[in-house]
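One structure, pasted below without further comment.
Derivation of every value follows stated rules applied to the coordinates shown; laboratory data play no part. Since this is a predicted model, take the numbers as computed values, not measurements. Reconstructed Cβ throughout: ideal geometry from the backbone, glycine too, with neighbour counts over all protein chains shown.
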Amino acid sequence: MSDIQIGASSWRRVEVGRVLKLESGSLAVIVEIIDHKRALVDGPSSDPKLATARTTVSFADTLLTPIVIENLPRGARTGAVKKAWEKAEVDAKWKESNWAKKALQQERRKSLTDFDRFKLMRLRKQRRFEERKALAKIKATA
């Protein structure tokens with residue numbers, strides 16, 4: 001007979017210590033699971049845009065992130081959550097994530113003026129011209 005190894009799935013689970021992205025764009029960590037639809041969360045981020053006051057949220061209004069704060073006790077108070085948040089370096093992990101990078105890019109694009117968009121268009125045209133020139137040079141030598 002062959003050995004069968006049974007292990008937990010790597011899928012993101014709702015668990016105490018799991019960091020959530022709320023609809024507002026802020027971050028929070030699950031402190032206590034109330035029922036199958038709601039949880040008590042707290043988000044003591046050092047970035048004011050990402051901070052969340054201690055509140056209950058519906059899982060329908062959140063997204064689970066791959067970031068987990070290990071060994072966070074159930075029902076931990078705000079001070080303990082803040083210490084665990086800083087120890088786990090959640091803010092740094094979030095800034096490295098693709099979600100945060102994409103949100104930053106969208107924010108920058110929203111703040112562009114007409115003239116900035118025009119300059120961006122000219123730079124794209126210039127880059128495309130240089131790429132096509134280099135490709136034509138390679139084709140000519142081949």
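Determine if region 54-63 includes at least one residue that is more than 12 Å from ALA28 (Cα to Cα), of a type in the set (A, V, I, L, M) and without any contact (Cβ under 8 Å) to a residue 40 or more places away in the chain.
Yes, region 54-63 contains at least one residue that is more than 12 Å from ALA28 (Cα to Cα), of a type in the set (A, V, I, L, M) and without any contact (Cβ under 8 Å) to a residue 40 or more places away in the chain.
Any chance you could count how many residues in region 42-80 are aliphatic (A, V, I, L, M), farther than 14 Å from ARG18 by Cβ, surrounded by fewer than 18 Cβ atoms within 10 Å (Cβ to Cβ) and within 16 Å of the chain's Cα centre (by Cα)?
Taking region 42-80 first, the residues aliphatic (A, V, I, L, M) are 50-51, 53, 57, 60, 63-64, 67-69, 72, 76, 80.
Subsequent filtering for residues that are farther than 14 Å from ARG18 by Cβ retains 50-51, 53, 60, 80.
Retained after the next criterion (residues that are surrounded by fewer than 18 Cβ atoms within 10 Å (Cβ to Cβ)): 51, 53, 60, 80.
Restricting the remaining residues to those that are within 16 Å of the chain's Cα centre (by Cα) gives 51.
So the answer is 1.
Determine, yes or no, whether ALA39 is of a type in the set (A, V, I, L, M), touching a strand residue (DSSP E or B) at 6+ places or on another chain (Cβ under 6 Å), touching a residue at least 12 places away in the same chain (Cβ under 8 Å) and surrounded by 11 or more Cβ atoms within 10 Å (Cβ to Cβ). Quick ask: steps written out before the conclusion?
Details: of a type in the set (A, V, I, L, M): yes; touching a strand residue (DSSP E or B) at 6+ places or on another chain (Cβ under 6 Å): yes; touching a residue at least 12 places away in the same chain (Cβ under 8 Å): yes; surrounded by 11 or more Cβ atoms within 10 Å (Cβ to Cβ): yes.
So ALA39 fits the description; yes.
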